[in-house]
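Scroll down for the structure; my scribbles are underneath it.
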Amino acid sequence: MKKLFLLFLLSNMMLNSQTNAQDEVQSVVEIFFDGFHKKDSILIKSVIHKSFSLNSASLRNNQTTLSNFNGEQFIKAVVTRSDDPAWKEILTSFEIKIDGILSNAWVGYEFWLGDKMSHCGVNSISLIKEADSWKIFNISDSRRRDCKKNF
């Protein structure tokens, strides 16, 4: 009976540890998008790795396109964009996987320009744990225009 109780206790501790790490990863992603919305390069840089890159995949005229941006290009585009129309990325879902120092957050989103939805898709966000914090080193997103809202 003692062994069963110990096994139960250890299982709960491991589950809580995983849940805490998942919460940390989600928090880093949310900080990134807070900085994105505020056009705040300092906030964005606080949660990205020095080798950060962004990739966007889309389908145009039945052709797959892939755009690549390094961290500096991305940050410059974010902070120098016009305030009108406002950019708003609504995060609609999170699925977080962790293996040691590596994590991936699969995050559904809708991207709005002002009051019109521009596109939707998924952000596949790769993070690495350095010291005591998670850092985003890559975001690869899909961009679709055929967004169907499920209520």
Notebook entry, point to check: What is the sum of charges around G114, taking Lys and Arg as +1, Asp and Glu as -1, for the other residues whose C-beta is under 14 Å from the C-beta of G114?
Noted result: -2
Item checked: Between helix 2-38 and the chain: long-axis angle, C-alpha atoms, 0 to 90°, nearest 10 -> 20 degrees
Next item on the list: Enter the angle in degrees (range 0 to 90, nearest 10) between the Cα long axis of helix 71-80 and the first principal axis of the Cα atoms of the chain, meaning the one along which they spread out most.
Entry: 60 degrees
Next item on the list: Starting from one equal scatterer on each C-alpha and no solvent at all, send me the Debye-based log10 I(q)/I(0) for the range 21-76 at q = 0.20, 0.29 Å⁻¹, two decimals.
Entry: -0.80, -1.12
Check: How much net charge surrounds E72 when only other residues with a Cβ under 11 Å from its Cβ are counted (Lys, Arg +1; Asp, Glu -1)?
Finding: +3
Margin query: Can you compute the helix-only [θ] at 222 nm over the chain? Use -39500 (n - 2.57) per DSSP H run of at least 4 residues, normalise by all residues, nearest 500 deg cm²/dmol.
Written below: -11500 deg cm²/dmol
Margin query: Is there a quick way to get the dipole size of the chain? I mean about its Cα centre, with the Cβ of Lys and Arg at +1 and of Asp and Glu at -1; what is the value in debye to the nearest 20?
Written below: 320 debye
Note to self: Just want to confirm a number: the relative contact order over the chain, from Cα pairs under 8 angstrom separated by 6+ residues, in percent.
What the structure shows: 22 percent
Notebook entry, point to check: Hey, any idea what % of the range 31-95's accessible area is carbon plus sulfur with a 1.4 Å probe?
Noted result: 51 percent
Next item on the list: Given the peptides 121-128, 30-37, arrange them by the average over their residues of other C-beta atoms within 10 Å, most packed first.
Entry: 121-128, 30-37
Next item on the list: Give the cross-link partners of K50 among the aspartates and glutamates, using a straight C-alpha distance below 12 Å as the criterion and excluding same-chain residues fewer than 8 apart.
Entry: E72, E130
Notebook entry, point to check: When Rg/Rh (Cα atoms, Kirkwood Rh) is calculated directly from the model, which label among (i) 1.06; (ii) 0.95; (iii) 1.00 fits?
Noted result: (i)
Checklist line | Farthest positive-ward along the range 21-103 dipole, Cα basis, beta-carbon charges - from V25, L102, F74 | finding: F74
Next item on the list: Hey, can you find the accessible area per residue of the range 61-137 for me, probe 1.4 Å, expressed in square angstrom?
Entry: 61 Å²
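The values are calculated or read from the model by the stated rules, or taken from the named source; none is laboratory data. Quick caveat: nothing in here was measured; it's all calculated off a predicted structure. Don't worry about glycine lacking a Cβ; one is built from the backbone with ideal geometry, like all the others, and counts go over all protein chains shown. Side chains included, ligands, DNA and RNA excluded: accessible areas come from the protein's heavy atoms. Shrake-Rupley method; radii C 1.70, N 1.55, O 1.52, S 1.80 Å.
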